[in-house]
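These notes are about the structure you will find just below.
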Amino acid sequence: MSYAPFAITPGPTGATVAAGAASANVAIPNGSHGGRPRYVRLIATGNAHVKLGGAAVAATATDMLIGSEPVTVTVLGHTHVAAIQNSAACTVQVQPLDD
C-alpha cells in the first residue's frame, strides 16, 4: 500500500477572474486557516494564459496556458493571479487548497 506524502483538499470559496482581450487579475483567496494558501488550483471555462504575482501582475500570451483540466500551482509569495484569453473570452477559477 502506498500513501501520498501529503494531502491537499479544496479550501473555502475561491475567486474568479474574467479572461478577456486585456489582462485582469484577482487576489488569491485565503485558505481555511485564514492566511495565504501554499497551493491554488486553477481551471478555466476555455483556454487562458495565467501568471501569479503582486497586485499589479498582468498576464500575456506567452504565460502559462490553462484550460478545462485543473492545474495546481505553488503560491510562494504571490498575492494575485492574472489571466488573459487565448482566443476567446472565458472565466478562470482560483481555488485555495488546504494541506
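Brief remarks on what is shown
- Tally of residues being within 22 Å of LEU65 (Cα to Cα) and more than 9 Å from the chain's Cα centre (by Cα) across the range 27-36: 2
- Residue ID - surrounded by the most Cβ atoms within 10 Å (Cβ to Cβ), chosen from residues in the range 48-73 that are out of contact with any Phe, Trp or Tyr (no Cβ under 6 Å at 6 or more places or on another chain) and β-branched (Val, Ile, Thr): VAL50
- Leading residue by the ranking (surrounded by the fewest Cβ atoms within 10 Å (Cβ to Cβ)) among those in the range 74-99 that are over 12 Å from the mean Cα position of the chain (by Cα) and of a type in the set (S, T, N, Q): SER87
- Positions within the range 18-57 being in a loop (DSSP other than H, G, I, E, B) and farther than 22 Å from ASP99 by Cα, in sequence order: GLY20, ALA21, ALA22, SER23, THR45, GLY46, ASN47, GLY54, ALA55, ALA56, VAL57
Read-outs: derived from the displayed coordinates by stated rules, not from any lab. Just so we're clear, the structure is a prediction, and the values are computed from it rather than from any experiment. Cβ sites come from the backbone with ideal geometry, for glycine too, and all protein chains shown count toward neighbours.
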